[in-house]
Amino acid sequence: MKLCLIPALLFLLSACAGFVAPSIPPVPLTEYESSLQVEPLWNIRLGKGVGRHYLKLSPVLDDNILYALERGKQLAAFNATNGKLLWSVLLDAYISGGLGDGGDFLLLGADADVIAIDKGHGQIRWRTTLASEVQTAPV
C-alpha cells in the first residue's frame, strides 16, 4: 500500500512545480501626468500603532469630525478641518476590531466586547460581551 502512495504523491507534487506563462499577457500601464497637487492640512499621530498585530483600524468621518482609534485602548475625536483634538478616552480593553458608525454613537470591537460610545463626549453608552473576539468593525 505504501509503495502505491509514493508515486501518487510524487505525481501530485510535480503538478505544482514549474512556471506557466499567462495565456493573455498584461496590458502595459498608461503613462499620465498628475494634474493635481495634494497638500496635507494637518497630521497627527495617535498612540504607538498596531505593532505586530494585523489590524485595519480605519477612521470614521461624520459631520466634520474624524474619529480614530489605536490598538492601545485610545479613541479620539478631531476637528477634520484643522486637526484640533475635541476629546480623547482610554478604554479598559485592547482594540481588536475596527470602528463603526452607529448614528449618534460609535461602535468598536474590543477583545470579545462590542462597545457603543457617545460621539459627543466619548462616554460609553453600552457594552455587550460576545462568545469570541471581535475582528472587524461592528456595523
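Loop-located trypsin sites (Lys or Arg not before Pro) in segment 48-138 (DSSP state not H, G, I, E or B) with no more than 15 neighbouring Cβ atoms inside 10 Å: Lys48, Arg52, Lys56, Lys73, Lys84. Which value does Rg/Rh take for segment 48-139 over its C-alpha atoms, Rh per Kirkwood? Reported Rg/Rh (Cα atoms, Kirkwood Rh): 0.94.
Across segment 97-139, the mean sequence separation of Cα contacts (distance under 8 Å, 6 or more residues apart), normalised by length, yields a relative contact order of 43 percent.
Loop-resident GluC sites (Glu not before Pro) (DSSP state other than H, G, I, E or B) in segment 32-139 with no more than 13 further Cβ atoms inside 10 Å of their Cβ: Glu33, Glu133. Exposure proxy shown here: for Thr129, Thr81, the number of other Cβ atoms within 10 Å sets the order, fewest to most, as Thr129, Thr81.
Of the residues Pro40, Ala68, Thr129, the one whose Cα sits farthest toward the positive end of the charge dipole of segment 25-139, with +1 on the Cβ of Lys and Arg and -1 on the Cβ of Asp and Glu, is Thr129.
Read the figures in this text as sums done on the coordinates, not as results from a lab. Every value quoted in this text rests on a predicted model; they were computed, and no experiment measured them. No Cβ is skipped: glycine too gets one built from the backbone with ideal geometry, and neighbour counts run over all protein chains shown.
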